[in-house]
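Student: The structure under discussion is supplied below as structure tokens; questions concerning it will follow.
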Amino acid sequence: MKSGKFTAKKIAVLAIFITLSLITFIIENQFPPLFVPGARMGLANIFSFTALIMFSPVEAFIVVAVRTGLGAIYAGNVSALLYSFTGGVVSMAISSVLMYTVYPRVSVMAVSVLGAVAHNVTQNIVFVLLTDTSTLTLIPYFILAGILSGAIVGAVTLLLFKKIPMSVFEKTIGRKLRESKAETVENTETAETSENKED
């Protein structure tokens, strides 16, 4: 799906996603990390992942870039931008490739988990490069945190598309979503749910 023009309505929707993403980041930042220092649930990624499905990788990257920038300013730690931005870009790049090449042969949940794992591993590698450290012993823990985080982000994203009528998304972005990723996600998950009930 092409990115299309940046209409006033689309900009407004992206602004809402960025705001919700930043608020989620700020709230999550008040809690201790998972397993190892720096590992968090990454719930703010729900909104960039939703933007990827609703629009295209371009809009998703915008949400990631602005949120990580504002988040670093809020945290008062500009160096954290190197970790979060790099991890976010790599994660979204992998998610975009998977969503636009192999989905629905792989599930939304799998895409989310792989993206989250890539995000955490990238952050660990950036840390090693910046600190001139030779150890990568924390990678297994970051992978575990990524699996948990990706599963939660994927589940919440699926819930949004399952519970919110497609017409709401269409009115929000001002056009039909026929043959789009958003409708494909909704239809695929609905079909899987029906099959599970029959079993």
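The values are calculated or read from the model by the stated rules, or taken from the named source; none is laboratory data. Computed from a predicted structure; not experimentally measured. Ideal geometry is used to build each Cβ from the backbone, glycine not excepted, and the neighbour counts take in all protein chains shown.
Student: Can you tell me which of (1) more than 23 Å from Phe31 (Cα to Cα); (2) modelled with pLDDT of 95 or more; (3) among the polar types (S, T, N, Q) is the one Thr131 doesn't meet?
Tutor: (2)
Student: What residue, of Ala93, Ala60, Ala51, is surrounded by fewer than 24 Cβ atoms within 10 Å (Cβ to Cβ), within 30 Å of Thr7 (Cβ to Cβ) and under 15 Å from the mean Cα position of the chain (by Cα)?
Tutor: Working: Ala60 fails: surrounded by fewer than 24 Cβ atoms within 10 Å (Cβ to Cβ); Ala51 fails: surrounded by fewer than 24 Cβ atoms within 10 Å (Cβ to Cβ).
Every option except Ala93 fails the conditions.
Student: Only one of (1) over 14 Å from the mean Cα position of the chain (by Cα); (2) modelled with pLDDT of 75 or more is not met by Val185, so which one is it?
Tutor: (2)
Student: Given the options Val90, Val78, Val63, name the one that is touching a helix residue (DSSP H, G or I) at 6+ places or on another chain (Cβ under 6 Å), closer than 16 Å to Thr24 by Cβ and hydrophobic (A, V, I, L, M, F, W, C). Talk me through it step by step, then tell me what you get.
Tutor: Numbers: Val90 fails: closer than 16 Å to Thr24 by Cβ; Val78 fails: closer than 16 Å to Thr24 by Cβ.
Result: Val63 is the single residue among Val90, Val78, Val63 that is touching a helix residue (DSSP H, G or I) at 6+ places or on another chain (Cβ under 6 Å), closer than 16 Å to Thr24 by Cβ and hydrophobic (A, V, I, L, M, F, W, C).
Student: May I ask you to verify whether Leu159 is within 15 Å of the chain's Cα centre (by Cα), in a helix (DSSP H, G or I) and surrounded by fewer than 15 Cβ atoms within 10 Å (Cβ to Cβ)?
Tutor: yes
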